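Visitor: My questions will all concern the structure given below.
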Amino acid sequence: MNIEQQVKKTIEKYHLIEKNDKVAVALSGGKDSTSVLYILHKLGYNVEGLMIDLHLGEWSKIHRKNMEKFCSELNIKLTIVDLKQELGMGICFIKSVLKQQKNLTGCTVCGIIKKWILNKWAKKLKADKIVTGHNLDDECQTVLMNFLKGNIYLGVNSTPATGIPNKGFVQRIKPLFFIPENEVRSYAKKMNFPILYEKCPCAIGTYRVETREWINFLTNKEKLNIVDNFQKTIPKLRRTYKTEIKNCKECGEPSKSDLCNACKIFQVLKNPKKS
Ligand code: AMP
Ligand code: ZN
């Protein structure tokens, strides 16, 4: 089965998209999200691109130009959210303040902010679903990282359709969930997509990068086994782990606590402690 057929199968098996859904594809400009946008468009879904310009120097500029060209050639609407307009600062500044004040490193801060913006903007665009380009390797890393952190409950929402619809969450779906990274790379290269293949320049020495390195020795079949087996345990985990979703008292976005993770970051940015 080729990758396009595999995506179709995952969408049908997990009822990821209805024919009338408006689908916002979260575009980083990398091989995964570009491929998934192309495939969903080819399959006839009502797709739009949604990209956050993080202001990571040349890297962001190139990705932005690539996606503008790609979407205009396919006649797909593209919305670009400029982080400096949205929050008044770029991601490097935000990460450096959080590192200094809270010792938060790695991709955590960036991940929280991206999720918050994507949910907010998907609602503005009246999208029914947000698609991300997470692939089998990403999911395998997540399962193993959560296990090594001693908290497999962190993966309770790691399914092809994540998030809870209603309650202000736009459901996030992952059509590449079962497709190995090297297959996505080969597909993107074969299709000659106008993209960069380098990883994010900020993702250095993080826990995820280390995990990625040591799962390299696993075969695709072994990665699939790990992800599949974890999927089988999720219904059991859900029976013992119930979370209440509230609305953040600052921004109104859905949150597990009174203040959402993004607003906790914004608080630190507004009131930096003097060192
Ligand atoms: P990452 O967390 O960088 O591995 O990206 C995972 C997924 O999040 C990608 O496949 C995209 O769907 C989405 N994503 C990452 N960066 C951006 C961005 N700058 N703008 C919009 N979506 C993004
Ligand atoms: Zn909030």
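Visitor: Tally up the residues in region 117-128 that are within 17 Å of residue 27 (Cβ to Cβ), more than 12 Å from ligand 1 (Cβ to nearest atom) and touching a residue at least 12 places away in the same chain (Cβ under 8 Å), please.
Guide: 3
Visitor: Next up: On the given criteria, is residue 241 modelled with pLDDT under 95 and more than 15 Å from ligand 1 (Cβ to nearest atom)?
Guide: For residue 241, the condition - modelled with pLDDT under 95 and more than 15 Å from ligand 1 (Cβ to nearest atom) - is met.
Visitor: Still on this structure, please answer the following. Sort out which residues of region 195-209 are exposed (fewer than 13 other Cβ atoms within 10 Å of the Cβ) and either of a type in the set (D, E, K, R) or on the phi > 0 side of the Ramachandran plot (or both), and write them in order of number.
Guide: 198, 199, 205
Visitor: Output the number of residues of region 100-114 satisfying the condition of being within 16 Å of ligand 2 (Cβ to nearest atom) and either touching a residue at least 40 places away in the same chain (Cβ under 8 Å) or not in a helix (DSSP H, G or I) (or both).
Guide: Within region 100-114, residues that are within 16 Å of ligand 2 (Cβ to nearest atom) and either touching a residue at least 40 places away in the same chain (Cβ under 8 Å) or not in a helix (DSSP H, G or I) (or both) number 4.
Visitor: For residues in region 117-147 being polar (S, T, N, Q) and part of a loop (DSSP other than H, G, I, E, B), which is nearest to the chain's Cα centre (by Cα)?
Guide: That would be 132.
Visitor: Can you say whether residue 213 is surrounded by fewer than 13 Cβ atoms within 10 Å (Cβ to Cβ), within 16 Å of ligand 1 (Cβ to nearest atom) and at pLDDT below 95, as far as the supplied structure shows?
Guide: yes
Visitor: Tell me which residues, restricted to region 32-50, are under 16 Å from residue 134 (Cβ atoms) and either within 16 Å of ligand 2 (Cβ to nearest atom) or open to solvent by less than 20 Å² (accessible area, probe 1.4 Å) (or both).
Guide: Answer for region 32-50, where residues must be under 16 Å from residue 134 (Cβ atoms) and either within 16 Å of ligand 2 (Cβ to nearest atom) or open to solvent by less than 20 Å² (accessible area, probe 1.4 Å) (or both): 33, 34, 35, 36, 37, 39, 40, 50.
Visitor: Of the residues that make up region 196-203, is at least one in contact with an Asp or Glu (Cβ under 7 Å, 6 or more places away or on another chain) and either under 30 Å from residue 5 (Cβ atoms) or within 16 Å of ligand 2 (Cβ to nearest atom) (or both)?
Guide: No, region 196-203 contains no residue that is in contact with an Asp or Glu (Cβ under 7 Å, 6 or more places away or on another chain) and either under 30 Å from residue 5 (Cβ atoms) or within 16 Å of ligand 2 (Cβ to nearest atom) (or both).
The values are calculated or read from the model by the stated rules, or taken from the named source; none is laboratory data. In this text the structure is predicted, and so the values were computed from the model without any measurement. All Cβ positions, even for glycine, are placed from backbone atoms using ideal geometry, and neighbour counts span all protein chains on display. The protein model used for the area step is the full one, side chains on, heavy atoms only, and it has no ligands, DNA or RNA in it. Shrake-Rupley method; radii C 1.70, N 1.55, O 1.52, S 1.80 Å.
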